[in-house]
Amino acid sequence: MRTAVARVEAMRGRAAVPGLLPALAAVGVIVLAVFALTTDRFFTVDNVKAILNSASIVGIMALGLTFVTLVGSLVSLAVGATAVMGAMVFLDQLHLGLVPALALAIAAGAAVTALQGAIVGGWGANPVILTIGAGFLLSGVTSKLSDGVIVQPSAGGYTALNSTPLGVPVGVYVMIVLAVVLQVLLRRTVFGRHVLLVGENRDAARAAGIRITRTTALAFGIAGAAFAIGGAFLGAFNRGASAQLEGTLTFDVIAAVLVGGTLISGGRGSPLRTLAGAVAIATISDVLLLRGFETGAQTLLKGVLVVGVVLALHLAGRGREAES
Amino acid sequence: MSLRRLGADTLVPVVAFGIVLAAYLLTPVYDGHALASFDAYNTLQGFASVGLIALALGLTIVAGEFDLSVLGMQALGGVLAVKAGADHGLLGVAAAVGACLALGAIQGTIIARTGIGSMAITLGTYIALLGLTNVVAGNQTLTYANADVAIWVDQTILSWFSPRSLAALGAFAVALVLFTRTRLGPELKALGGDRRAARVVGVPVRRHLAVLFAVSGGLCGLAGALLAYSNASAQLNPGLEPLVLAAAAAVLGGVSLRGGRGTIWGLLLGALAVALLQQVFAITKLPTSSIQIVFGALLLIVVVVDAPDLRSVVARARARRASHRSAPVAHPEP
């Protein structure tokens, strides 16, 4: 059993890639910097704030989704539906106070998503199709419970989530704190190590005695909590919650994780990478917006970036295997 | 074992369609209206939308892949058809099918050459295709002004059919012939069942994958074009619903999500079952949220039943119970 762990650990140890990946990332940053520098109004305090603000809600959710990808379950397509549920629970329960309402929303998101994780981890169900079904079911349930009308805040406490201490939105602080907490959880705890091992090689992890079901359920639970937190911010920002909030949220969140460089097949990546991915995508969207491109072009570029980064990571991984 | 598998291939779709048909036949009890041939026409209209996507998705699942980009291809097909088919409807269909076929071939080649999971690549292309659709449409919903074509595709033929549903049925007929009369069917199943073995026995794996994704794209382009003509407008983002319906049709059609199992007949019955179920919901005026719950739950149940490790979990539990019963002395209670 020890050898299985040692082997998986050794595989992970090879993650230090000299060459291709850092080079690609550097090229990406330089291209983006050139475009940013040559764009009017980019380097203004207001614009940097706008970028961070637009990165924050997607970033918070993407940090959570990173754990789903890391544990080897690809992605969840129920991100948007879970966030909408989180927003609805939060706004509807605000009369209990800000913290209890937020806690309830987080608990709901974590529970619903952890259940999906338990099924994926325990029975090997296809995570993408399972989360499509779960998201659809969740949308149906939330729109039934809300009678299809916009859920209004039951008290005024939500404005705290819209405040801007020291001129920066609360969501940005939450995103950064969450990134650090999740990074520590991944790199410094036994649970984090288990997540990486399960994602890298499920069979080896099982042979090593790791509880796959519990690890996967917890990873999904973290994701669900993050979806709900993002949803609460979204609901607070819009002063109401309905299925309309969902928009392209699911894909923005997935794009942030994958563009950040977390391996789609699991086992390799980190919350900090996702943070970089979220900020990069927000910056690109901002540059495109300032240059007068509309949402279509932004979405197109996001998709192309996702394919490009997935391809680059795969090719880099193959080069590494050839070297060793 | 192989006999049981053969059974599931045909049993699942027949039972699924039978249950839905029984539900439909019971609808007069619900609201007292008489069954009409109009219901058959409506069901086949629904089938025209669901069927082509289900065929595209089903074929990729049988081959052990999953094409998430079907939604993007459908959206792009609709916009291209409306743009290019303003004067001649067929020109628009040709543009939609051609473009989606080409994009699908590129995507299939990338998947075949790199060996990256198709879920990851098609997720990226799905997002990119939605963006491309918006760019082509200029970020606004396009209306299709050619009323002649819009009316023509939905005209009643032999009281049950329309050119649109006949096109979908035609696609299934072609697929059926290719699947049963050539080696393509067994070879696709071999790709999904055991890819290494398929390669060893000489199945051209890369070429099949590239063609498969090209065909999937073309079918979805056709579906999008016909739907846009029928609605006289092109949707920029179809949402997840078509994918949920198509996946439900595929699994009700006896296709295993693990690949390697499925038939064209099954897919046809599965798509018809979903379309008829939609018609039952329309007759009983079920609210949209309830329909979402039904299809979401259906997909959840199916994906859980189909989960590869569930069998071993169940088998282990059964074995444990059996050993408890037969040899209680050997396993004393702790």
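Considering (1) out of contact with any Leu (no Cβ under 9 Å at 6 or more places or on another chain); (2) within 27 Å of residue A:76 (Cα to Cα); (3) at pLDDT 90 or above, the lone condition that residue B:102 does not fulfil carries the number (2). Residues that are buried (at least 24 other Cβ atoms within 10 Å of the Cβ) and farther than 22 Å from residue B:210 by Cβ within the stretch B:60-85 comprise B:75, B:78, B:79, B:81, B:82, listed in sequence order. May I ask you to list the residues in the stretch B:119-159 that are closer than 25 Å to residue B:40 by Cβ, among the β-branched types (Val, Ile, Thr) and surrounded by fewer than 18 Cβ atoms within 10 Å (Cβ to Cβ)? Residues satisfying the conditions are B:151, B:156, B:157. Is it the case that the stretch A:18-40 has a residue that's modelled with pLDDT under 50, closer than 24 Å to residue A:198 by Cα and not basic (Lys, Arg)? No, the stretch A:18-40 contains no residue that is modelled with pLDDT under 50, closer than 24 Å to residue A:198 by Cα and not basic (Lys, Arg). Against the list (1) aliphatic (A, V, I, L, M); (2) more than 7 Å from chain A (Cβ to nearest Cβ); (3) touching a residue at least 60 places away in the same chain (Cβ under 8 Å), the condition residue B:158 fails is (3). Note on the stretch A:245-267: residues that are away from chain B (no Cβ under 11 Å) and either without any contact (Cβ under 8 Å) to a residue 60 or more places away in the chain or touching a Gly at 6+ places or on another chain (Cβ under 6 Å) (or both) amount to 5. Filtered by the rule that a residue be assigned to a helix (DSSP H, G or I), more than 7 Å from every other protein chain (Cβ to nearest Cβ) and among the small types (Gly, Ala, Ser), the stretch B:112-128 gives B:112, B:118.
Scanning the stretch B:129-150 for residues that are part of a helix (DSSP H, G or I), aliphatic (A, V, I, L, M) and either over 17 Å from residue B:232 (Cβ atoms) or modelled with pLDDT under 90 (or both) yields B:129, B:130, B:132, B:135, B:136, B:147, B:149, B:150. Scanning the stretch A:30-44 for residues that are of a type outside the set (Gly, Ala, Ser) and without any contact (Cβ under 8 Å) to a residue 12 or more places away in the chain yields A:30, A:31, A:34, A:37, A:38, A:43, A:44. Restricting the stretch B:1-47 to residues that are within 18 Å of residue B:264 (Cα to Cα) and of a type in the set (A, V, I, L, M) leaves a set whose member that is modelled with the highest pLDDT is B:44.
Say whether the condition of being outside any helix (DSSP H, G or I) and away from every other protein chain (no Cβ under 11 Å) is met by at least one residue in the stretch B:92-111. Within the stretch B:92-111, not a single residue is outside any helix (DSSP H, G or I) and away from every other protein chain (no Cβ under 11 Å). Against the condition assigned to a loop (DSSP other than H, G, I, E, B) and either closer than 12 Å to residue A:232 by Cβ or within 14 Å of chain B (Cβ to nearest Cβ) (or both), how does residue A:74 come out, does it pass? Answer is yes for this residue. Scanning the stretch A:258-271 for residues that are under 16 Å from residue A:28 (Cβ atoms) and outside any loop (DSSP other than H, G, I, E, B) yields a count of 2. Only helices (runs of 4 or more DSSP H) whose full extent lies in the stretch B:215-309 are considered here, and the ones with at least 2 residues that are more than 12 Å from chain A (Cβ to nearest Cβ) and either acidic (Asp, Glu) or in contact (Cβ under 8 Å) with a residue 24 or more places away in the chain (or both) are B:241-252, B:264-283.
The values are calculated or read from the model by the stated rules, or taken from the named source; none is laboratory data. Small disclaimer: the values here were computed from a predicted structure and weren't measured. Heads up, the Cβs are rebuilt from the backbone with ideal geometry, glycines too, and the neighbour counts pull from every protein chain shown.
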